[in-house]
């Protein structure tokens, strides 16, 4: 088995949230993703012999396919494990699973509910652990989003601070991840969130601490028009995420004024782009006119999951 890197300089041990990367590391990762997408890194197999365990306690299209295809294209192999395919679904302690898998594989990607599950897995694994999604954070999606923004605006390393991003909707794992991205890269983030649906308090506090030290600007408002006005990027997510289905009716009522429609989107810059992590509910959080319009980048964004995650796999797993 090829050993996984352990705390190499410039290579974070785990990737549990975007804040695990420094600004320099994140910019380098985006550079590598651009090169991988362009094919300029060649077609060698740098992860030949590397195996990645893919734990899915939440189902997925984009996360599963992009990681399986990505590790394959780099020469490695992915092993898919749902609750039906592992003892986690029967109550095996997470530390036991972490230690067992560490003896077989070079890395673990996990998509699950609680952030504490990912952190416990990382605390007990001797190989890198990647957060594929939790209810708290969705850092791999943010890598793709940032790559899409870089492509749309030709952003250079010193150009992130000039950008403004408007998040409209729930203060969910995506909103929390945007807060981490703003903290690392220093752009302006405006969050329009209904009362009672604010982002994770500690994540918001850390972002505001960075703002006080001169990194980024965080605005939390109840007015979508205020958030979107003059923004370079407008982004949103479904109103009821996986596991919140029983709250759907109440959430629909609370979020109805936060729909991203043409009238709201027109308040952004003329060159603004629209992003959505998908799947989307047209006619709810976003209208078809916006998500299927000429300034939408959602399918470029979804493709970029593959390229950004390949860059991440190389950063974490390359021997």
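Read-outs: derived from the displayed coordinates by stated rules, not from any lab. As the structure is a prediction and not an experimental result, all values here were calculated from the model. Reconstructed Cβ throughout: ideal geometry from the backbone, glycine too, with neighbour counts over all protein chains shown.
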## Note on the structure
Helix-only [θ] at 222 nm, the chain, -39500 (n - 2.57) per DSSP H run of 4+, per residue, nearest 500, equals -12000 deg cm²/dmol
### Query
Using the scaling law 2.2 N^0.38 Å as the reference, what is the normalised Cα Rg of segment 6-112?
1.17
### Query
Using alpha-carbon positions, what is the distance between the centroids of segment 106-143 and segment 151-187, in Å?
21 Å
#### Entry: Exposure proxy ranking, count of Cβ atoms within 10 Å, fewest first, for 256, 84, 190
84, 256, 190
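With the cut-off at 1.5 for a/c, could you classify segment 204-311 from its C-alpha gyration tensor as rounded, prolate or oblate? Spell out each step's value before the answer.
Numbers: a/c = 1.24, a/b = 1.13, b/c = 1.10.
The shape class here is rounded.
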### Message
Whole angstrom only: what separates the Cα centroid of segment 63-80 from the Cα centroid of segment 219-266?
### Response
33 Å
### Query
With springs only between Cα atoms under 10 Å, which of 299, 56, 187 fluctuates most in a Gaussian network model of the chain?
299
#### Entry: Residue exposure sequence - 276, 77 - by fewest surrounding Cβ within 10 Å
77, 276
### Query
How far is helix 62-73 tilted off the main Cα axis of the chain, in degrees rounded to 10, range 0 to 90?
40 degrees
### Task
Kindly work out what percent of the DSSP beta bridges joining two residues of segment 141-301 are antiparallel, to the nearest 5.
0 percent
### Message
Can you compute log10 of I(q)/I(0) for the chain with the Debye formula, treating each Cα as one identical point scatterer, at q = 0.06 Å⁻¹?
### Response
-0.19
### Query
Let a ≥ b ≥ c be the square roots of the eigenvalues of the Cα gyration tensor of segment 129-242; is it rounded (a/c under 1.5), or, if not, prolate (a/b larger than b/c) or oblate?
rounded
